[in-house]
Amino acid sequence: MKIGIHDLEVATTHYVLDLDTLAERHGIDPKKFSIGLGQDAFSMPAPDEDIVTMAAEAADTLLARHDVSKIRQVLFATESSVDQSKAAGVYLHELLGLPANVRSVELKQACYSGTAALQMAVNAIARTPEEQILVITSDVARYALETGGEPTQGAGAVAMLITANPNLVEIEPGSGFHTSDVNDFWRPNDSTTPYVDGQLSLDAYLTATTAAWDDLAARRDLSIDDVDKFLHHQPFTKMARKQLAALAEHTGHELSDELIEESMSYNRALGNTYTASLYFALTAQLHNNENLAGKRLGFFSYGSGAVAEFFTGMVQENYRDHIYPEHVAKQLGNRVELTYDEYRTLHSDFAATSETYTTQPTTHAPFRLSGVTEFQRRYEAQ
Ligand code: COA
C-alpha cells in the first residue's frame with residue numbers, strides 16, 4: 001500500500017522585507033545576500049499574525065478540497081510555539097471547525113520536527129488506511145537585529161494531508177537518522193530570539209545530514225544515483241548547494257546543482273521558515289518541474305541541536321493535476337513591502353506577552369490574532 005502526501009497548501013505573512021533594503025542600510029554588498037546566502041527577501045508577520053494564523057490559512061485552503069470527517073489527527077510541528085502547554089493545533093479546531101474526535105498534538109525539535117510529524121502520520125495510516133492526518137509545519141524565524149542571522153529571518157506554513165494512495169508523493173519505508181548533542185542554535189524559554197553559532201550550525205548541518213545518508217545507505221539497497229532530485233531544509237538556499245557539494249565529496253559521486261535548482265524559488269523569497277522550509281522546497285520542486293512523475297525525491301531534514309533524517313519519496317503519476325502554484329504566487333505577491341524603518345519598528349515592538357492587549361487589524365489573511373485577554377490568545381476569522 002502506498003502512503004504519503006496527498007495534497008498540500010501554504011501560507012505566509014502580510015509583510016515582506018527586500019534584502020536589498022537591509023543591505024543598503026547596513027552598508028553591505030547586496031550580492032552577499034542574493035549570491036552569498038541565496039536569499040532575496042523574507043516574510044515578516046504583522047502584529048495580528050503568528051504560527052496559528054498562517055497554519056489556519058494553509059489548512060483552510062487545503063481542507064476545502066477534502067472530507068474533514070476523515071481526519072483523525074492534527075500533528076503541528078513548530079519551534080516558534082505560542083504556548084508552553086497548549087498545542088497550537090488545538091486553536092485550529094475552533095477556527096476551522098474540525099471534528100472533536102481528532103487527536104491534536106504539537107511537536108518540537110528545531111527545524112526537524114515536521115519530518116517526525118510526517119513519518120508518525122505515515123506509520124499511523126499503515127495501521128488504519130481509511131484515516132487521514134493533517135500535518136502542519138508553521139514557523140516564524142526571528143533573529144536579533146544586527147546579528148549574522150538577521151538576513152536569514154522568515155515566516156511561513158505548509159499544511160499537508162497524509163493518506164493512503166496519495167496524489168502527490170508516496171513516502172518510501174526506511175530512513176537514515178543522526179542525532180548529536182550540539183549547541184549550534186537554541187532558544188531558551190525566556191528569550192524571543194535564538195542564540196546561534198552560525199559557523200557551527202553550518203558544520204553541524206553538513207555532518208548530520210551526511211551521517212543520515214550513511215545510515216540510510218547501510219539499511220537500504222539505494223545508491224545516490226537512484227535519487228532524481230534532492231530536497232533540503234534551507235535556512236538560506238545556499239545551504240542546499242553546500243550540502244550537495246559535501247555529499248558529492250563524501251560519496252565520490254558527481255552531483256550537479258540541477259538536482260536541487262527548482263527546489264529553491266519559494267525559500268529565496270520567504271526566508272527561513274524553520275519546520276516548513278523542507279516542505280516549501282518540496283512544493284517548489286513539484287510546481288517548477290513538469291517531469292517528475294515516477295521520479296524519486298531525496299529529503300534532507302535537519303534541526304539544530306541536532307537531529308537529521310534522510311528519507312525518500314516517489315512522485316505520483318498525475319501529480320500535476322493536484323498542485324496549485326497560483327496559490328503560492330498569490331501568497332508571495334500579496335505581501336506588503338516594508339521600509340527599513342517600518343521593519344525595525346515591527347521587529348522591536350514584538351513582545352511575547354500574556355498581558356492584555358489588542359491588535360489593530362492589519363493582515364488581509366482569513367484568520368487573525370485579535371489580542372490577548374485573561375492571559376489567553378484570541379483568534380478570529382475575518
Ligand atoms: N558577493 C557574493 N558573495 C559574498 C559576498 C559578496 N559581496 N560577501 C560575502 N559573500 C559570501 C561569503 O563568501 C559566504 O559564502 P560561503 O559560505 O559560500 O563562503 C556567504 O556570502 C556568507 O558570508 P559570511 O561572511 O559567512 O556571512 P556571515 O558571517 O554574515 O554569516 C551565516 C552567514 C549563514 C552563518 C549567518 O547568516 C547565520 O548565522 N545564519 C543563521 C543560520 C541558522 O539559522 N542556522 C541554524 C539552522 S541550520
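What follows is calculated from the coordinates using simple rules that are stated; it is not laboratory data. Since the structure is predicted, the reported quantities are computational estimates derived from the model, not experimental observations. Quick reminder, even Gly has a Cβ in these numbers, built from the backbone with ideal geometry, and neighbours come from all protein chains shown.
Miscellaneous remarks
- Residue list for the range 325-352, filter: out of contact with any strand residue (DSSP E or B) (no Cβ under 7 Å at 6 or more places or on another chain) and assigned to a loop (DSSP other than H, G, I, E, B): Asn334, Thr339, Phe350, Ala351, Ala352
- Condition met for Asp40 (in contact (Cβ under 8 Å) with a residue 24 or more places away in the chain and more than 16 Å from the ligand (Cβ to nearest atom)): no
- If you go through the range 175-205 and keep only what is touching a helix residue (DSSP H, G or I) at 6+ places or on another chain (Cβ under 7 Å), near the ligand (Cβ under 9 Å from one of its atoms) and part of a strand (DSSP E or B), you end up with just Phe185.
- Any pair with Cβ under 7 angstrom, 6 or more apart, that starts in the range 204-219 at a residue that is without any contact (Cβ under 8 Å) to a residue 40 or more places away in the chain and ends at one that is away from the ligand (no atom under 16 Å from the Cβ) and not in a helix (DSSP H, G or I): Asp214/Gly176
- Scanning the range 210-231 for residues that are crowded, with 16+ Cβ neighbours inside 10 Å and either near the ligand (Cβ under 10 Å from one of its atoms) or of a type in the set (A, V, I, L, M, F, W, C) (or both) yields Ala211, Ala212, Trp213, Leu216, Leu222, Ile224, Val227, Phe230, Leu231.
- Contacts under 7 angstrom Cβ, first residue in the range 238-249 being part of a helix (DSSP H, G or I), partner of a type in the set (Asp, Glu) and more than 8 Å from the ligand (Cβ to nearest atom), 6 or more apart: Arg241/Asp257; Leu244/Asp257; Ala248/Glu254
- Selection status of Leu292, farther than 30 Å from Val16 by Cα, away from the ligand (no atom under 14 Å from the Cβ) and surrounded by 17 or more Cβ atoms within 10 Å (Cβ to Cβ): yes
- Within the range 142-152, the presence of a residue that is assigned to a helix (DSSP H, G or I), more than 16 Å from the ligand (Cβ to nearest atom) and more than 23 Å from Gln119 (Cα to Cα) is excluded.
- Hits in the range 343-364 - residues which are surrounded by fewer than 18 Cβ atoms within 10 Å (Cβ to Cβ) and in contact (Cβ under 8 Å) with a residue 60 or more places away in the chain: Arg344, Leu346, Ser348, Asp349, Phe350, Ala351, Ala352, Thr359, Gln360, Pro361, Thr362, His364
- Filtered by the rule that a residue be of a type outside the set (Lys, Arg) and surrounded by fewer than 17 Cβ atoms within 10 Å (Cβ to Cβ), the range 91-118 gives His93, Glu94, Gly97, Pro99, Ala100, Asn101, Val105.
- Subset of the range 111-128 that is touching a Ser or Thr at 6+ places or on another chain (Cβ under 7 Å) and not in a helix (DSSP H, G or I) - its residue that is nearest to Ile162 (Cα to Cα): Tyr112
- Selection within the range 258-299: residues that are out of contact with any helix residue (DSSP H, G or I) (no Cβ under 9 Å at 6 or more places or on another chain) and in a loop (DSSP other than H, G, I, E, B). The member of this set that is farthest from Leu161 (Cα to Cα) is Asn291.
- If you go through the range 170-192 and pick out every residue that is on the phi > 0 side of the Ramachandran plot and among the hydrophobic types (A, V, I, L, M, F, W, C), you end up with 0.
- Count - residues of the range 172-196 that are touching a residue at least 12 places away in the same chain (Cβ under 8 Å), within 24 Å of Phe236 (Cα to Cα) and over 21 Å from the mean Cα position of the chain (by Cα): 4
- Glu79 vs. criteria in contact (Cβ under 8 Å) with a residue 60 or more places away in the chain and surrounded by fewer than 22 Cβ atoms within 10 Å (Cβ to Cβ): no
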